[in-house]
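What follows is one structure encoded as structure tokens, with my remarks underneath.
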Amino acid sequence: MKTVKVGSYDTAATDGNIFTINLSVIRWPPGTGQVPASVCSGSCSPGFRRVIRRGEPTCCFQCILCPYGEISNKTDSDDCYKCPWNLWPNIQKTKCISKTIEFLSFEGSLGTSLTSTGIISSIITVFILCIFVHYRSTPIVKANNYTLSCHLLLSISLCFLCSLNLIGYPKKEKCLLRQTVFGMVFAICISVILAKTTMVVFAFMAIKPNSRLRRWTSPKVSYMIIFLCSLVQFFICVLWLTRSPPFPEYNSVTEPGVIIAQCNEGCPFAFWCMLGYLGLLSLISFIVAFFSRSLPSSFNEAKFITFSMLAFLSVWLSFIPATLSARGQYVIAMEVFAILSSSWALVICMFLPKCFIILFQPNMNFRENLMGKSREGIR
């Protein structure tokens, strides 16, 4: 150790420089000109917090990164602080920044493609309806129940359009109506299919002598089936909206750094009851059509309904596990895709073969031709 004069203290100084020090003459023990640190650990920068090492002096600590969703905005902070629910830490965890609000918008690439697909699909369905109206006097249209076919095409067109109600920012009115409108439109659509299947069965069984089913072949029976099946779905939706209606909410838990604007279904049980009833109607239509697929007819409607219901049920059965693995806007996108796919399954399986014959093979669209093939089927 060596004593060195490095400065002075003069209270009588007139220039105000009472204390002076010459740092250049100081020699610290390590042999450097730097002041030795008085702690055994370096400072913790913002984004970290200090944790004292157990069994060591209080000046010895380690720097720990702030945990998930928390920040520290000063040096040597002892604690980290959580961000508000609508904010999220930046990468350095030194300040809170606004979260991204996510929803399936019309402006996004995914929303735009689904919207355009739904609109174009609805227009194509209306075009098929115009074809049926124009050729309503032809045998193939008459043989497949012209009135119910028009009702079915109109309801399928509405099915395509109801998918648009799921796209966009989830406002209160949209949340109230989007699932209930979807449930009602699809209930009417499947009820029409069930009515068509039932009428096909009644029509062939009523041919037998002394059959009591002839009075059940009236159009009023088909309308009654549609009304009653749709009425059950209507009651389910009314109870849902009156007891626990859907409402918009922000989900800040599912994805870090993202606020998902979504509709809370209110009562999940009511939502699954609505979907379950659609599945029940589809299953009944499939079973009736499956057991009546061998009825003698060249253009047996039951065969087409069997394939369409099989495709319809396959789409919605695959939709359930797909939504469990999806997050955010992709949950809604999966539902929209299921609506479009199942609706196209009905169009392709039930109406595409008829349109092909009407437009490109008119020589097959004659009563004699149809009856002749029916006789071949019976033999």
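Rolling a 1.4 Å probe across the protein heavy atoms gives the chain an accessible surface of 58 Å² per residue.
By the beta carbon rule, with partners counted only under 4.7 Å, the chain holds these lone Cys residues: 59, 130, 150, 159, 162, 189, 229, 237, 267, 273, 349, 355.
Distance cut-off 31 Å, Cα to Cα: go down the list 93/172; 220/303; 171/196 and report the pairs above it. Before the final figure, lay out each step's value.
Numbers: 93/172 35 Å; 220/303 24 Å; 171/196 38 Å.
Beyond 31 Å between Cα atoms: 93/172; 171/196.
Roughly speaking, to the nearest percent, how much of the chain's 1.4 Å accessible area is carbon and sulfur? On the chain, the fraction of accessible area on carbon and sulfur atoms equals 65 percent.
Could you list the square roots of 5 times each eigenvalue of the Cα gyration tensor of the stretch 57-205, that is, the equivalent ellipsoid semi-axes, sorted largest first and rounded to whole Å? Walk me through the intermediate numbers first.
Details: eigenvalues 740, 51, 25 Å².
Each semi-axis is the square root of five times an eigenvalue, giving 61, 16, 11 Å.
For the stretch 82-124, the share of alpha carbon pairs falling in successive 5 Å distance bins from zero is 5, 21, 15, 11, 9, 11, 10, 8, 6, 4, 1 percent. In terms of the mean number of neighbouring beta-carbon atoms within 10 Å, the peptides 153-162, 249-258 order highest first as 153-162, 249-258. In the stretch 105-146, the C-alpha radius of gyration followed by the widest Cα-Cα span (Dmax) gives 15.8, 46 angstrom. Taking Cα atoms, how many degrees apart are the long axis of helix 219-243 and the longest axis of the chain, rounded to 10 and kept between 0 and 90? Approximately 20 degrees, to the nearest ten. Here the sum of -39500 (n - 2.57) over DSSP H runs of 4 or more residues, divided by the residues of the chain, equals -18000 deg cm²/dmol at 222 nm, to the nearest 500. Rounded to the nearest whole angstrom, the semi-axes of the ellipsoid equivalent to the stretch 1-86, taken from the Cα gyration tensor as √(5λ), stand at 41, 20, 10, largest first. What the Kirkwood sum gives for the chain is a hydrodynamic radius of 26.7 Å, with every pair of different alpha carbons counted. For the chain, the relative contact order works out to 14 percent when only alpha carbon pairs closer than 8 Å and six or more residues apart are counted.
Seen against the Cα atoms of the chain and their longest principal axis, helix 301-325 is set at about 10 degrees.
The values are calculated or read from the model by the stated rules, or taken from the named source; none is laboratory data. Owing to the predicted nature of the structure, the values given are computational and were not obtained by experimental measurement. Note that each Cβ is placed from the backbone with ideal geometry, even for glycine, and that neighbours are counted across all protein chains shown. Only protein heavy atoms, including side chains, enter the accessible area calculation; ligands, DNA and RNA are left aside. Shrake-Rupley method; radii C 1.70, N 1.55, O 1.52, S 1.80 Å.
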